[in-house]
1. So, in segment 205-217, of the ones that are aliphatic (A, V, I, L, M) and farther than 27 Å from residue 117 by Cα, which residue ends up least open to solvent (accessible area, probe 1.4 Å)?
2. Testing residue 163 on (1) closer than 15 Å to residue 23 by Cβ; (2) at pLDDT below 95, one condition comes back false. Which one is that?
3. Taking segment 134-149, which residues are in contact with a strand residue (DSSP E or B) (Cβ under 9 Å, 6 or more places away or on another chain) and surrounded by 14 or more Cβ atoms within 10 Å (Cβ to Cβ)?
4. Enumerate the strands (runs of 3 or more DSSP E) found wholly within segment 110-217, keeping only those where 3 or more residues are closer than 27 Å to residue 25 by Cβ and within 10 Å of ligand 1 (Cβ to nearest atom).
5. Looking only at segment 6-21, decide whether some residue is open to solvent by 30 Å² or more (accessible area, probe 1.4 Å) and outside any helix (DSSP H, G or I).
6. Would you please name the residue that is farthest from the chain's Cα centre (by Cα), looking only at residues in segment 172-204 that are open to solvent by 80 Å² or more (accessible area, probe 1.4 Å), at pLDDT 95 or above and away from ligand 2 (no atom under 16 Å from the Cβ)?
7. Here is a check on your reading of the model: is residue 35 closer than 17 Å to residue 7 by Cβ and either within 16 Å of ligand 1 (Cβ to nearest atom) or without any contact (Cβ under 8 Å) to a residue 60 or more places away in the chain (or both)?
8. Identify all residues within segment 10-33 that are under 18 Å from residue 109 (Cβ atoms) and within 14 Å of ligand 2 (Cβ to nearest atom); write none if there are none.
Amino acid sequence: MRVVLLGAPGAGKGTQCKRIVDRYGLLHLSSGDILRKERTAATELGRKAQSYMDSGELVPDQLIVEMMTKAMRNDPDAGYILDGFPRTVNQAVELDKALEGNCEDIDAILNLEIDDKLVIERMSGRRSCPKCGAVYHIKNLRPKVDDKCDIDGTTLVQRPDDNSDVVSNRLKAYHQQTEPVAAYFRNNRTVYDIDASKDPDKVSVLIFEKLDALAKS
Ligand code: ADP
Ligand code: AMP
């Protein structure tokens, strides 16, 4: 199964991807996570992406498309879920070309719908584990021990791009450049809109309803 998960930054894509991966055994290909790893490893790509990420702008399409199509080819037989990609119509067109070249298609496109106010609240309270990448929220999804990762006990950190100035740029980029991606896919595919304002378990149920039906067919 190949799945695309669309939605604003902070909508809950990463949180739901972890659950989807556990249930369906897919690879989680998150463009944001891959970019953060490239930065930590101080690669050329990481260095090129740095200023865009820090200011909340999108990294140029060419870099992203190369990075994501490479990740998709890593394990060609595995199903995957794309998280945070495509984020522009141009990226979606390039994704379609890459899929066509491999005689493949996306089986499901899910669009997490949520308003900006909630997204801001989610991003400002987001904390993540620098070691394993697990994501928490100071009110909504608290770790068992304050500030410590449930999995490895590492002290949780706040993402630097979750501060309020950068968040407003990221939301602007989402509305201007990423929202049209859902419209692009709606031209010739079904896009399942999911109410992402509900609590995490309820959002998972809505997603699993769609994906279970596909997995059976
Ligand atoms: P994204 O990957 O879309 O940027 P995340 O999955 O990192 O979003 O979620 C953003 C923040 O919101 C995190 O702190 C997460 O714990 C929290 N969160 C995720 N889903 C929900 C939800 N359904 N309700 C409340 N908080 C949520
Ligand atoms: P995320 O973790 O998905 O919130 O992404 C963090 C940052 O990485 C974004 O604000 C962008 O600067 C960059 N980024 C992630 N995915 C993409 C993408 N598909 N296209 C362009 N930039 C991206």
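1. The residue in question is 211.
2. Among (1) closer than 15 Å to residue 23 by Cβ; (2) at pLDDT below 95, the lone unmet condition for residue 163 is (1).
3. Passing the criteria: 134, 135, 136, 137, 138, 141, 142, 143, 148, 149.
4. In segment 110-217, 135-137 are the strands (runs of 3 or more DSSP E) which contain 3 or more residues that are closer than 27 Å to residue 25 by Cβ and within 10 Å of ligand 1 (Cβ to nearest atom).
5. Looking for residues that are open to solvent by 30 Å² or more (accessible area, probe 1.4 Å) and outside any helix (DSSP H, G or I), one finds none in segment 6-21, hence no.
6. 187
7. No; evaluated as a whole, the condition is false for this residue.
8. Across segment 10-33, the qualifying residues are 11, 12, 13, 14, 16, 17, 28, 29, 30, 31.
The values are calculated or read from the model by the stated rules, or taken from the named source; none is laboratory data. Keep in mind that this is a model prediction, so the values were computed, not measured. Quick reminder, even Gly has a Cβ in these numbers, built from the backbone with ideal geometry, and neighbours come from all protein chains shown. For accessibility, only protein heavy atoms count, side chains too; no ligands or nucleic acids. Shrake-Rupley method; radii C 1.70, N 1.55, O 1.52, S 1.80 Å.
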